[in-house]
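Accompanying notes for the structure given below.
Read-outs: derived from the displayed coordinates by stated rules, not from any lab. Bear in mind that the values here come from a model prediction, so they are computed numbers and not experimental data. Here the Cβ is made from the backbone with ideal geometry for all residues, glycine too, and neighbour counts use every protein chain on show.
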Amino acid sequence: MSTTNVKQLFIERFGAEPAIYTSPGRINLIGEHTDYNGGFVFPGAIDKAMVAAIRPNGSDRVRAYAADLDAYAEFGLEESDLPAEQWARYIFGVCREIIKRGGTVKGFDTVFSGNVPLGAGLSSSAALESTFAFALNDIGGLGIDKFELARIGQSTEHNYCGVKCGIMDQFASVFGKAGHLMRLDCRSMEFAYFPFAPEAHGYRLVLIDSVVKHELVGSPYNDRRASCERVAAALGQEFLRGATMESLEALRGQISEEDYHRARFVIGEERRVLDVCDALEKGDYQTVGERMYQTHEGLSKDYEVSCEELDYLVDVARECGVTGSRIMGGGFGGCTINLVRAELYDNFIATASAKFAEKWGHTPKVYEVVISDGARKVE
Ligand code: GLA
């Protein structure tokens, strides 16, 4: 839905002129499940985002309308009970986390909408959290810095949605910059923008959505994190970051085989992110692509967050001569991210769509994304 639509819907419902804020979803070129291990990630914000119309209402209540769901929820800012609606918990959580940090949140009305596909691994929930964190900070003149805005979104996931996520998605949504990926060191929180223009080198970046939904709430994601934390503790480290394959091998008899495989993926992934950053600076897309395939292999076999549908899409990509392909995001369904030579693009999309539909009974969705700016006020 466009900005005009949320604005129009807001005026119809609440009878006054709102301010408009937006914050995007993200892709991640490489560096998966490294954020909560203190490692590196390499995301970029995309041209798919949440948009919210907001206006203070002079009360101590939040009245929210989710336009895409045609659903309404209301909660008090003094209440600590979670709203029943899952989507409202993100807004509730952001308000609570700002208040926890000493910020003032006054009652407001809001209408929001978005075009970030849900459950596709593109961080629709981070987009929603960042939109409200950014807006409430701006409206209230709270002066919260951008890293803290990202942490407010992350804490919302931890404390109100049951996902012990890392910082990547919220960071990307807040800090995104058009035409640039961001290499973030999740231990020091230092980051750098890298210009990213695959087209200039004869490549295209495309996402193929299996439309298989992952369910990160509950155990699988948190279980992966717990495995990594056990191995880090056994190594006497705060994070897995910086551990070597040698130190892991030395520990092998003392940890479970499952934990060993989880840690093996994370340690390998740390190196791959740095390799990809170097390769990108040299215009060496071949190496970028090879590392993407290696990441997929690790996510599938060692980290076990892929699924048959996604493994199938990566196999088809390989058969079509695609330079790099892998499952993207937390896993358990969602999209593959593919780096493909421009001249192979049409054939790849046609072949992958047809083969996938024949095998799995439904057609995957194809998204071309443009690397875009992060959270902002519109107009
Ligand atoms: C989800 C989480 C992120 C990150 C990725 C995997 O998107 O929200 O923090 O851990 O999975 O890289």
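What to note about this one:
- Cβ-based exposure ranking for Trp87, Trp360, in which fewest neighbours within 10 Å come first: Trp360, Trp87
- Cα convex hull of region 218-276 - mean projected area over all directions, nm²: 4.2 nm²
- Computed across region 196-368, the Kirkwood radius stands at 17.1 Å (inverse of mean 1/r, all Cα pairs).
- When peptides 172-185, 70-83 are ranked by their average number of other Cβ atoms within 10 Å per residue, the highest-first order is 172-185, 70-83.
- nm² value of the averaged projected area, convex hull over the Cα atoms of region 135-201: 6.0 nm²
- The fewest-to-most ranking of Ile255, Ile267 by surrounding Cβ atoms within 10 Å reads Ile255, Ile267.
- Largest mean-square fluctuation among Glu246, Glu85, Glu238, in a Gaussian network model of the chain whose springs join Cα atoms under 10 Å apart, belongs to Glu246.
- Zone of Lys377's modelled label, taken as backbone nitrogen in region 50-70 under 19 Å from a point 7 Å along Cα→Cβ: 50-58
- Set of lysines near Lys213 by C-alpha distance (under 24 Å), chain-local residues within fewer than 8 positions excluded: Lys48, Lys164, Lys301, Lys355, Lys359, Lys365
- Distance histogram in 5 Å bins (all Cα pairs of region 64-113, percent per bin): 5, 20, 33, 24, 13, 5, 1
- Each of Lys282, Lys359 was scored by other Cβ atoms within 10 Å of its Cβ. Listed from fewest to most, they are Lys282, Lys359.
- Across Pro364, Pro24, Pro43, mean-square fluctuation computed from a Gaussian network of the chain (C-alpha pairs under 10 Å connected) peaks at Pro364.
- Among Gln294, Gln170, Gln86: highest mean-square fluctuation, GNM of the chain, C-alpha pairs under 10 Å: Gln86
- Intensity falloff of the chain expressed as log10 I(q)/I(0), Debye formula with alpha-carbon point scatterers, at q = 0.06, 0.10 Å⁻¹: -0.23, -0.64
- In region 128-261, the convex hull through the Cα atoms has an average projected area of 11.7 nm², a quarter of its surface area.
- Put the Cα centre of region 1-64 next to the Cα centre of region 216-247 and the gap is 31 Å.
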